[in-house]
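One structure is given here, and the rest of the page talks about it.
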């Protein structure tokens, strides 16, 4: 079973729409860390956010917000009023205590296409 | 931006030839990682290093070896390249272990004919 599941392979929206990218994770650890990364068409990977398992507060950064719910093992990412520049592949990732926190396990990514 | 460079950025080689990819960092971070990215698979860890001469295998380590003789350099070697190793390879660094955010290099596109 995948440890990090991003069920949405591809999402298409029109500019100014809100969009939510889903991330569901699986772990037996009580202490773990979750991440989101962005990969624009240029190919580089950009770190967006890190969240530890003890902090369930939602986070907002400009048009970006993250909703962490331990009860459903989800760490969803919402972009408000999407823009063309948001077009990218977005990856969710997990770091677990069971692996000594030494590595990240990535989901397969969600490609977001924002049309003008 | 984290100071991470990868060389070469693009390489085309033939099956059976050895290939070495280099990752160089200027951040003095302890941890370094090699990933490969393939369509439909996301990013998969090949090997990682937690210090000079300290390395460990990742999810897809078969056919790859690594070496780290200096803090700033992490080498990935394909002893005998195969077509299945055609991929984009990313190096990453982190200050601490996996609970720290990782910062990625620009990637190397490798094609094995």
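Do you know which of the residues in the stretch A:30-42 that are within 11 Å of chain B (Cβ to nearest Cβ) and surrounded by fewer than 15 Cβ atoms within 10 Å (Cβ to Cβ) is nearest to residue A:94 (Cα to Cα)?
Taking the candidates together, the pick is A:31.
Among the residues in the stretch A:108-115, are any in contact (Cβ under 8 Å) with a residue 40 or more places away in the chain, part of a strand (DSSP E or B), surrounded by 13 or more Cβ atoms within 10 Å (Cβ to Cβ) and at the interface with chain B (Cβ under 8 Å from one of its Cβ atoms)?
No - not one qualifying residue is present in the stretch A:108-115.
Give the residues of the stretch B:83-113 that are over 16 Å from residue B:64 (Cα atoms), more than 10 Å from chain A (Cβ to nearest Cβ) and crowded, with 20+ Cβ neighbours inside 10 Å, sorted by residue number.
Passing the criteria: only B:93.
Looking at the stretch B:1-57, what strands (runs of 3 or more DSSP E) fall wholly within it and have at least 2 residues that are more than 17 Å from residue B:97 (Cα to Cα)?
Per the criteria, B:4-7, B:10-13, B:19-25, B:31-38, B:42-51.
In the stretch B:83-113, what count of residues is obtained for those that are in a strand (DSSP E or B) and within 20 Å of residue A:105 (Cα to Cα)?
10
Quick one: is residue B:58 under 26 Å from residue A:36 (Cα atoms) and exposed (fewer than 14 other Cβ atoms within 10 Å of the Cβ)?
Judged against the criteria, residue B:58 is not a match.
Which residue, of A:95, A:82, is crowded, with 21+ Cβ neighbours inside 10 Å, outside any strand (DSSP E or B) and touching a residue at least 24 places away in the same chain (Cβ under 8 Å)?
A:82
Every residue in the stretch A:1-19 that is surrounded by 13 or more Cβ atoms within 10 Å (Cβ to Cβ) and within 10 Å of residue A:110 (Cβ to Cβ), please.
Once the filter is applied, which keeps residues that are surrounded by 13 or more Cβ atoms within 10 Å (Cβ to Cβ) and within 10 Å of residue A:110 (Cβ to Cβ), the stretch A:1-19 yields A:6, A:8, A:11, A:19.
Can you tell me which residue within the stretch A:56-66, out of those that are in contact (Cβ under 8 Å) with a residue 12 or more places away in the chain and surrounded by 12 or more Cβ atoms within 10 Å (Cβ to Cβ), is farthest from residue A:5 (Cα to Cα)?
My answer is A:63.
Can you name every residue in the stretch B:72-113 that is modelled with pLDDT of 95 or more and out of contact with any strand residue (DSSP E or B) (no Cβ under 7 Å at 6 or more places or on another chain)?
If the condition is that a residue be modelled with pLDDT of 95 or more and out of contact with any strand residue (DSSP E or B) (no Cβ under 7 Å at 6 or more places or on another chain), then B:80, B:84 are the ones that fit.
Would you confirm whether any residue within the stretch A:96-105 is at the interface with chain B (Cβ under 9 Å from one of its Cβ atoms) and closer than 19 Å to residue A:9 by Cα?
For the stretch A:96-105, residues at the interface with chain B (Cβ under 9 Å from one of its Cβ atoms) and closer than 19 Å to residue A:9 by Cα: present.
Each row is one residue, and each column tells you yes or no for (1) within 14 Å of another protein chain (Cβ to nearest Cβ); (2) over 29 Å from residue A:9 (Cα atoms).
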| site | (1), (2) |
| --- | --- |
| B:16 | no, yes |
| B:23 | yes, yes |
| B:37 | yes, no |
| B:42 | yes, no |
| B:47 | yes, no |
| B:54 | yes, yes |
| B:59 | yes, no |
| B:72 | no, yes |
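Here are B:80, B:65: which of them is surrounded by fewer than 16 Cβ atoms within 10 Å (Cβ to Cβ), assigned to a strand (DSSP E or B) and away from every other protein chain (no Cβ under 12 Å)?
B:65
The values are calculated or read from the model by the stated rules, or taken from the named source; none is laboratory data. Values in this document were obtained by computation on a predicted structure and should not be read as measured data. Cβ atoms come from the backbone with ideal geometry, glycine included; neighbour counts cover every protein chain shown.
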